[in-house]
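Here is the structure we will look at.
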Amino acid sequence: MAAPVEDNSAPASQESRKPSAHDLEILSRQLGRPVRDVVEIPARCVCGNPLVAATAPRLSNGTPFPTTFYLTHPVITAAVSRLEAGGLMNEMNERLTADEPLAAAYRSAHEAYLQARDEIAGRAGTGDVPEIAGVSAGGMPTRVKCLHVLVGHSLAAGPGVNPLGDEAIGAISDWWTADRCYCDGAWDSAGEAPSKDLSRHGPQGLPDIVGRPAPVRKSKSSHATEPSGEPSAGGLNV
Ligand SMILES: [Zn+2]
């Protein structure tokens with residue numbers, strides 16, 4: 001690999017990380033419920049809408065929350081659910097046991113996740129959260145348990161940080177690519193945004209979006225697009 005260079009492609013600047021009231025409304029529409037404790041928008045669509053929400057490592061009610069980066073864009077979450085339903089996690093887990101360079105890169109992704117969370121905690125004023133020290137998300141550092149978590153991390157961190165998240169992003173290119181806006185029609189934009197919080201956070205994140213089907217963007221795709229109806233929750237609790 002060449003020496004690190006400034007990559008101004010994916011990761012959001014500090015200014016654009018701050019969630020506006022509009023961002024929070026879009027997030028609530030994307031998720032179909034109000035969001036809470038979102039402190040940054042670490043990745044955005046080319047149109048500016050959020051792709052990923054960063055949640056503080058301690059919620060305002062005091063609960064430790066290890067899943068810092070959560071994928072919110074319905075087109076991407078549905079596409080990643082298709083990868084999970086297709087068995088990609090099993091294949092990745094097999095490779096992690098046999099491919100030491102991959103395993104090492106994945107351990108580095110885990111460390112990067114923890115460091116990024118510390119930085120977000122610092123900016124958010126959350127302070128240390130010893131209950132989740134060393135605990136990342138998505139199965140890291142040794143397993144893949146939720147591809148949504150890995151893709152959320154890759155989108156937040158930019159390419160080259162999480163190898164399996166990067167791979168999953170490549171694998172959804174029939175449905176989503178970073179250079180285009182897929183927002184139109186991807187969520188209900190009419191009427192009131194959800195404002196009553198009916199959600200409960202599971203240990204891994206915001207489970208109710210996992211497995212939601214997205215609009216089919218490329219009808220000529222040969223991939224299976226039928227949602228399984230049994231969303232691979234990847235360890236998420238409801
Ligand atoms: Zn967009």
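Checking Glu111, Glu84 one by one, the residue that is under 16 Å from the mean Cα position of the chain (by Cα), acidic (Asp, Glu), more than 16 Å from the ligand (Cβ to nearest atom) and modelled with pLDDT of 95 or more is Glu84 and no other. There is at least one residue in the stretch 176-192 that is more than 16 Å from the ligand (Cβ to nearest atom), modelled with pLDDT under 95 and on the phi < 0 side of the Ramachandran plot. Looking only at residues in the stretch 37-49 that are touching a residue at least 60 places away in the same chain (Cβ under 8 Å) and among the aliphatic types (A, V, I, L, M), the one that is surrounded by the fewest Cβ atoms within 10 Å (Cβ to Cβ) is Val46. Among all positions in the stretch 19-36, there is at least one residue which is under 18 Å from Ala157 (Cα atoms) and surrounded by 14 or more Cβ atoms within 10 Å (Cβ to Cβ).
Sort out which residues of the stretch 63-75 are away from the ligand (no atom under 11 Å from the Cβ) and either farther than 24 Å from Glu111 by Cα or not in a loop (DSSP other than H, G, I, E, B) (or both), and write them in order of number.
Scanning the stretch 63-75 gives Pro64, Phe69, Tyr70, Leu71, Pro74.
Residue count for the stretch 12-58, restricted to those that are modelled with pLDDT under 90 and in contact with a Pro (Cβ under 7 Å, 6 or more places away or on another chain): 1. Could you check Ala133 against (1) in contact (Cβ under 8 Å) with a residue 40 or more places away in the chain; (2) over 22 Å from Ile76 (Cβ atoms) and say which number it fails? All conditions are met except number (1). Take the conditions (1) within 12 Å of the chain's Cα centre (by Cα); (2) closer than 21 Å to Arg17 by Cα; Gly138 misses just one of them, which is (2). Within the stretch 21-53, the set of residues being within 11 Å of the ligand (Cβ to nearest atom) and small (Gly, Ala, Ser) comprises Gly48 only.
The values are calculated or read from the model by the stated rules, or taken from the named source; none is laboratory data. Quick caveat: nothing in here was measured; it's all calculated off a predicted structure. Note: ideal-geometry Cβ built from the backbone for every residue, glycine included; neighbour counts use all protein chains shown.
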